[in-house]
Amino acid sequence: MNHYYTDNKNLVSNRKEFTYYFDNEVFNFTTDNGVFSKDNVDYGSYILIKTIYLKDLGNSLLDLGSGYGPIGIILKRFNPNVDIEMVEVNSRAVELSILNCKNNKTDIEVHECEDIETLDHKFDRIVLNPPIRAGKKIIYSLYEKSSRMLNDDGHLYIVIRKAQGANSSIKELEKLFKRVEIINKDSGYLVIDAHN
């Protein structure tokens, strides 16, 4: 079955645009068929952004599985001095991310990438709204690779619904990180901070 984690280049395109407001800032996003949450920024991403956008995000941040770019773009607006990169396996989402960075005047590197361990440097922070429909094997692999791609004192921030495996994700993260903390709960979503 094809879903947003699949790179389906043959899917019919039907672009749409919407305006999104966050903390008195205005963002304009273009989306399309075959990308996650094409009608609006999903609530999980909103909760993740809201929880961390005023935190110390270090000097470098990776938006892992960035989709069409809302998390990275919004974080960059509020943290202009942080070097932010976005990676995504879906080529259509990468194309949209590049467009959305341009339209929102944000300077972010965007990569089509299936394995973040091929990147040539590590990060202070990694943010992830896991692709639940891709399955635990893929999600847990993303956690494991993230743990290796963080600098010392780095943090992995994820958002996940309790009903979609938050408890098992926490157990998996506890195998990889010294500290795993729930830093926000909202409408069944948990924002988790995993760090050493």
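For residue 109, which sequence-distant residues (separation of 5 or more, or a different chain) have an amide H within less than 5 Å of its own amide H, given hydrogens modelled in the peptide plane?
Those qualifying (amide H under 5 Å, at least 5 residues apart or on another chain) are 84, 86.
In whole Hz and in residue order, list the ³J(HN,Hα) couplings for region 107-121 that follow from phi through the Karplus curve 6.51 cos²θ - 1.76 cosθ + 1.60, θ = phi - 60°; x for Gly and Pro.
Couplings: 8, 9, 7, 10, 10, 7, 8, 9, 9, 5, 6, 7, 5, 8, 7 Hz.
Going by how many other Cβ atoms sit within 10 Å of their own, how do 195, 121 line up, fewest first?
121, 195
Ranked by Cβ crowding within 10 angstrom, fewest neighbours first, how are 193, 152, 186, 115 ordered?
Least crowded to most crowded, the residues run 152, 115, 186, 193.
So what are the ³J(HN,Hα) numbers for region 29-36, from phi and the Karplus equation (6.51, -1.76, 1.60; θ = phi - 60°), rounded to whole Hz, Gly and Pro as x?
10, 9, 10, 7, 4, x, 10, 5
Which residue, 138, 108, 98, has the most motion in a Gaussian network model of the chain that connects Cα atoms within less than 10 Å?
Residue with maximal mean-square fluctuation among 138, 108, 98: 138.
Pull up all non-local amide H partners of residue 150: gap of 5 or more, or a different chain, and H-to-H distance under 5 Å with H placed in the peptide plane.
123
Place a label point 7 angstrom from the Cα of residue 121 along the Cα-to-Cβ direction, then list the residues of region 144-162 whose backbone nitrogen is under 17 Å away.
The answer is 149-155, whose backbone nitrogens lie closer than 17 Å to the label point.
Under a cut-off of 17 Å between alpha-carbon atoms, report the lysines in cross-link reach of residue 16, not counting same-chain residues fewer than 8 places apart.
38, 102
Tell me which aspartates and glutamates have Cα within less than 16 Å of residue 175's Cα, excluding those fewer than 8 residues away on the same chain?
Straight-distance partners of residue 175: 144, 193.
Can you list residues from other chains, or at least 5 along the same chain, whose modelled amide H is less than 5 Å from the amide H of residue 190?
Long-range HN contacts for residue 190: 160, 161, 162.
Which percent, to the nearest 5, of DSSP beta bridges fully inside region 69-196 are antiparallel?
60
What is the percent of Cα-Cα separations in the chain that go past 21 Å?
Cα-Cα pairs in the chain separated by more than 21 Å: 47 percent.
If the cut-off is a Cα-Cα distance under 19 Å, which lysines reach residue 122, setting aside same-chain residues fewer than 8 apart in sequence?
Qualifying lysines at Cα under 19 Å: 76, 145, 178.
Ignoring everything except DSSP H segments at least 4 long, calculate the 222 nm mean residue ellipticity for the chain; use -39,500 (n - 2.57) per segment, divide by total residues, nearest 500.
Helices in the chain give a 222 nm mean residue ellipticity of -8500 deg cm²/dmol.
Bear in mind that the values in this text are calculations on the coordinates, not laboratory data. Everything numeric in this text was worked out from a predicted model, so none of it was measured. With ideal geometry, Cβ positions are generated from the backbone for all residues, glycine too; neighbour counts draw on all protein chains shown.
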